[in-house]
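Each reported figure results from applying straightforward, stated rules to the coordinates on display, with no laboratory input. It should be emphasised that the depicted structure is a prediction, and the values quoted were computed from it without experimental measurement. No Cβ is skipped: glycine too gets one built from the backbone with ideal geometry, and neighbour counts run over all protein chains shown.
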């Protein structure tokens, strides 16, 4: 096989990588058209003096992706730390409310007379029940 009939070392012949002109005058891309376009773009960049190294481009892409992932992980770590703080605060508040409830219950039962049925605090006149408007 001649080297001129292949696109570089890909083993793809030029005929499967170029546009096909149909009988009606329209064209359709070959199955490997993207390779031909990439080859042409690299060739033009090389002729323009740009150094085209796919490994360097991949390395830059991976560095950028790595930085983005590190930022996401740092954000998640901050969110987790904030949630842990909130959990500690919520548990301590619940514990304080529980202690206050227990203290009030013990006050109520201490002041109850023998034979009294203690069911809880009765609302004062004019107080609205919890949750009402």
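If packing is taken as the average number of other Cβ atoms within 10 Å across a peptide's residues, how do 83-94, 32-43 rank, most packed first?
32-43, 83-94
With only alpha-carbon atoms counted, please give the Rg and Dmax of the stretch 52-96, in Å.
19.5, 66
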